[in-house]
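Each remark here refers to the structure printed beneath this line.
Values quoted throughout were computed directly from the atomic coordinates according to the rules given, and no laboratory measurement underlies them. Owing to the predicted nature of the structure, the values given are computational and were not obtained by experimental measurement. Heads up, the Cβs are rebuilt from the backbone with ideal geometry, glycines too, and the neighbour counts pull from every protein chain shown.
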Amino acid sequence: MAFVHPNSEREAQAIAEEYGLADVPRFSDPEGVLYRAFGLGRARVWQFLTWKSLKRYWQAWRGGHRGGRPTADVLRMPGVILLHRGEIVRAFRHRGPTDRPDYLSLAAPV
């Protein structure tokens, strides 16, 4: 497992430590080169203003997740890519900010 992120390494380290993932390899990609290579797109501003999106923000806020000032491209959509021998075996590419992958099915044996 490894994370590709749009932040500086210093910012990523702080987030990784907060979630107990400091030992997981990370790749800083502020220009989005890897994001584009894996076919990950960008959201439209209106996608953040849906009821489902606002509900998720409220749930996150109530759960103690307080977003700070953005330091990276907040419109960059994430994804989960499973590689095996250099080939994409499975992928989930978020189409909007409320999408949630089924991590267990993505991680099932190849």
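Need one number: % antiparallel among DSSP beta bridges in the chain, to the nearest 5. Can you show the working numbers first?
Working: 7 of 10 bridges.
Of those bridges, close to 70 percent are antiparallel.
Compute the distance from the alpha-carbon center of the range 10-43 to that of the range 61-110, in whole Å.
10
Where Lys and Arg each count +1 and Asp and Glu each count -1, what net charge lies around Q47 among other residues with Cβ under 12 Å from its Cβ?
On the way: positive: R42, R44, K52, R56, R95; negative: D99.
Charge balance in the 12 Å sphere: +4.
How large is the helix-only mean residue ellipticity at 222 nm for the chain, computed as the sum of -39500 (n - 2.57) over DSSP H runs with n ≥ 4, divided by its residue count, in deg cm²/dmol to the nearest 500?
Working: 4 runs with 31 residues, N = 110.
Dividing the helical sum by the residues of the chain leaves -7500 deg cm²/dmol.
Starting from the Cα gyration tensor of the range 18-66, take the square roots of the eigenvalues, sort them a ≥ b ≥ c, and report rounded, prolate or oblate (rounded when a/c is under 1.5, otherwise prolate if a/b is larger than b/c, else oblate).
Working: a/c = 3.52, a/b = 1.22, b/c = 2.88.
It comes out oblate by the Cα gyration axes.
Using alpha-carbon pairs under 8 Å, 6+ residues apart, how would you state the relative contact order of the chain in percent? Don't skip to the answer; put the middle values down first.
On the way: 112 pairs, mean separation 26.1, N = 110.
With pairs under 8 Å counted, the relative contact order is 24 percent.
Count the net charge of all other residues whose Cβ sits under 13 Å from the Cβ of R62, scoring Lys and Arg as +1 and Asp and Glu as -1. All intermediate terms of the calculation are to be shown ahead of the outcome.
Numbers: positive: K55, R56, R66; negative: none.
Net of charged neighbours comes to +3.
Work out the length of the dipole vector of the chain about its Cα centre, built from +1 on the beta-carbon of each Lys and Arg and -1 on the beta-carbon of each Asp and Glu, and round it to the nearest 20 debye.
Working: 17 positive and 11 negative charges, 127 e Å.
Dipole size: approximately 600 debye.
How many percent of Cα pairs in the chain exceed 16 Å? Don't skip to the answer; put the middle values down first.
On the way: 4020 of 5995 pairs.
In whole percent, the long-distance tail amounts to 67.
Specify which residue in the list G20, G64, A2 is farthest towards the positive end of the charge dipole of the chain, using unit charges on the beta carbon of Lys, Arg (+1) and Asp, Glu (-1), about the Cα centre.
Sorting the options by dipole projection puts first G64.
Rank these for me by crowding, D73, D29, D102, D23, going from fewest to most other beta carbons within 10 Å. All intermediate terms of the calculation are to be shown ahead of the outcome.
Details: D73 15, D29 18, D102 10, D23 7.
Lowest count first: D23, D102, D73, D29.
Quick one: what are the phi-derived ³J(HN,Hα) couplings along the range 17-26, Karplus 6.51/-1.76/1.60 with θ = phi - 60°, whole Hz, x for glycine and proline?
Whole-Hz 3J(HN,Hα) from phi for the range 17-26: 5, 4, 9, x, 10, 4, 8, 7, x, 9.
Work out the length of the dipole vector of the range 43-106 about its Cα centre, built from +1 on the beta-carbon of each Lys and Arg and -1 on the beta-carbon of each Asp and Glu, and round it to the nearest 20 debye.
Values: 13 positive and 4 negative charges, 50 e Å.
With only Lys, Arg, Asp and Glu charged at Cβ, the dipole is about 240 debye.
Check R26: other-chain or 5+ apart residues with amide H under 5 Å from its amide H, H built from backbone geometry?
Answer set, sorted by chain and number: F3.
Would you tally the net charge around L75, using a Cβ to Cβ cut-off of less than 12 Å, leaving L75 out, and scoring K and R as +1, D and E as -1?
On the way: positive: R42, R44, R76; negative: D73.
Surrounding charge for L75 is +2.
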